[in-house]
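Okay, so here's the structure we're looking at.
The values are calculated or read from the model by the stated rules, or taken from the named source; none is laboratory data. Keep in mind that what you see is a predicted model, and the values were worked out from it rather than measured. Don't worry about glycine lacking a Cβ; one is built from the backbone with ideal geometry, like all the others, and counts go over all protein chains shown. To get the accessible areas, we keep the full protein, side chains included, count just its heavy atoms, and leave off ligands, DNA and RNA. Shrake-Rupley method; radii C 1.70, N 1.55, O 1.52, S 1.80 Å.
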Amino acid sequence: MNRLVFLLFILVFSSCIPTQIAPKFKNKTYKVTLAKKFERTLEREMAFIFKDPKDAEEFYKYLNKKFQLQHKDVGTNVPFQLNNETLYLSYTEISRNDTSINLPLVAVDAKRQANGNSSLFERSHTSNNEHWYIVITVYDEQIENCLKNTHRLKDKTIEYLKALQMEYFKVQNYDELLLNKKS
């Protein structure tokens, strides 16, 4: 019995307890949902959301080259053609964190402080991993959200955004986009 209690004690104090967990999309690389559900500061509108594995501002650079925007209104109502209609894409980058408390280090520092010594691991009591997400909205010329269930282009818009996402993940040098467009 003592061994079981000791093993349980070691297990609890050798682990990290998560206090905040960044979203993960089950079985998909994206999610279509209300933006406000994902981040409460966003508008209450349907959005295509995916985790961005690249550095900050990379999606900006990608859109700028792909649509040849010359750094004007990148990410805000970027026009593109789908089914012979002009649609408008907007995006924002959102940061979410995975945060956990490192119990063993907290326990060691608590014991040291109880003995009158200074903390050794004060900066390591919590660990924080930052994740970036791209939140995309698409509207038609009548200012209707194309990702709503009732929109006639919903499925085609999602397919277009999935292809855009895959292209963004694959391309390293965004100048290649211009070469592919001309050929």
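Flag not set for S100, criterion: out of contact with any helix residue (DSSP H, G or I) (no Cβ under 7 Å at 6 or more places or on another chain), assigned to a strand (DSSP E or B) and modelled with pLDDT of 90 or more. Per the conditions (1) surrounded by 12 or more Cβ atoms within 10 Å (Cβ to Cβ); (2) farther than 22 Å from V171 by Cα; (3) in contact with a helix residue (DSSP H, G or I) (Cβ under 7 Å, 6 or more places away or on another chain), the sole criterion not satisfied by R44 is (1). Among the residues of region 78-98, just one is over 18 Å from K162 (Cα atoms), more than 15 Å from the chain's Cα centre (by Cα) and surrounded by 12 or more Cβ atoms within 10 Å (Cβ to Cβ), namely E85.
Picking from residues in region 128-152 that are open to solvent by less than 10 Å² (accessible area, probe 1.4 Å) and either part of a loop (DSSP other than H, G, I, E, B) or among the hydroxyl-bearing types (S, T, Y) (or both), the one that is farthest from F38 (Cα to Cα) is D140.
Condition check ((1) modelled with pLDDT of 95 or more; (2) in contact with a helix residue (DSSP H, G or I) (Cβ under 6 Å, 6 or more places away or on another chain)) across all residues:
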position	(1), (2)
P79	no, no
Y88	yes, no
A114	no, no
Y133	no, no
V138	yes, yes
K156	yes, no
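Restricting region 60-97 to residues that are in a loop (DSSP other than H, G, I, E, B) and in contact (Cβ under 8 Å) with a residue 40 or more places away in the chain leaves a set whose member that is farthest from Y168 (Cα to Cα) is N83. A search for C-beta distances below 7 Å between a residue of region 163-182 that is surrounded by 11 or more Cβ atoms within 10 Å (Cβ to Cβ) and any residue that is at pLDDT 90 or above and outside any helix (DSSP H, G or I), counting only pairs 6+ apart in sequence or on different chains, returns Q165/Y30; Q165/F50.
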